[in-house]
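Written below as structure tokens is the structure these notes are about.
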Amino acid sequence: QVQLVESGGGLVQPGGSLRLSCAASGIMFSRYAIDWYRQTPGEQREFIATISSSGSTNFADSVKGRFTISRDNSKSTVYLQMTGLKAEDTAVYYCRASWILVYWGQGTQVTISS
């Protein structure tokens, strides 16, 4: 059974930092590209960042320079390090694993507020 479990969300003040984790099981993790998306109520899911199976990364312009993404294949986990957080970063954050098939996690809430 494939599972993607996001964790690390929470309430942070503007300017703060959070590290999200996406832990996978049931897949050949090292073969998968892992993406992060986010979604706010009434909006479409928005691409944030991706890391390929070889470690190449790409980011949405809205988070470039503030977010980094990394992976630890030994732990089947991808990390999204978020710094310089803004109110507009408030959303539910989802990870997605894609190779031959695509899998989504259930999401973790990130709230940026003073």
Q: With +1 on each Lys and Arg Cβ and -1 on each Asp and Glu Cβ, and nothing else charged, work out how big the dipole of the chain is about its Cα centre, in Debye to the nearest 20.
A: 240
Q: Might you tell me the accessible area per residue for the chain, computed with a 1.4 Å probe and given in Å²?
A: 52
Q: Calculate what fraction, in whole %, of the accessible area of the chain sits on carbon and sulfur atoms when a 1.4 Å probe is rolled over the protein chains.
A: 47
Q) How high is the relative contact order of the chain, in percent, with contacts defined as C-alpha pairs under 8 Å that are six or more residues apart? A) 37
Q: Could you pull out the longest piece of the chain with no exposed loop trypsin sites (Lys or Arg not before Pro) in it, calling a site exposed if DSSP puts it outside H, G, I, E, B and it has at most 16 other Cβ atoms within 10 Å?
A: 1-44
Q) Between 41, 21, 59, whose Cα lies farthest towards the positive end of the dipole of the chain when Lys and Arg beta carbons carry +1 and Asp and Glu beta carbons carry -1, centred on the Cα centre? A) 21
Q: For region 50-114, just say rounded, prolate or oblate: build the C-alpha gyration tensor, square-root its eigenvalues into a ≥ b ≥ c, call rounded for a/c under 1.5, and beyond that prolate if a/b exceeds b/c, oblate if not.
A: prolate
Q. Separation between the residue 31 and residue 13 pseudo-spin-labels, each 7 Å from Cα along Cα→Cβ, expressed in nm?
A. 4.7
Q) Can you give the Rg and Dmax of the chain based on its C-alpha atoms, in angstrom? A) 13.3, 42
Q. Once fully extended, how much extra length lies between residue 43 and residue 87, figured as 0.36 nm per residue of separation less the alpha-carbon to alpha-carbon distance?
A. 14.3 nm
Q) Can you run phi through the Karplus equation (6.51, -1.76, 1.60; θ = phi - 60°) for region 79-90 and list ³J(HN,Hα) in whole Hz, with x for Gly and Pro? A) 10, 10, 8, 10, 10, x, 5, 10, 4, 6, 7, 4
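The values are calculated or read from the model by the stated rules, or taken from the named source; none is laboratory data. Just so you know, these numbers come straight off a predicted model, no measurement behind them. Cβ: placed from backbone, ideal geometry, glycine included. Neighbour counts: every protein chain shown. Calculation scope for accessible area: heavy atoms of the full protein, side chains included, ligands and nucleic acids excluded. Shrake-Rupley method; radii C 1.70, N 1.55, O 1.52, S 1.80 Å.
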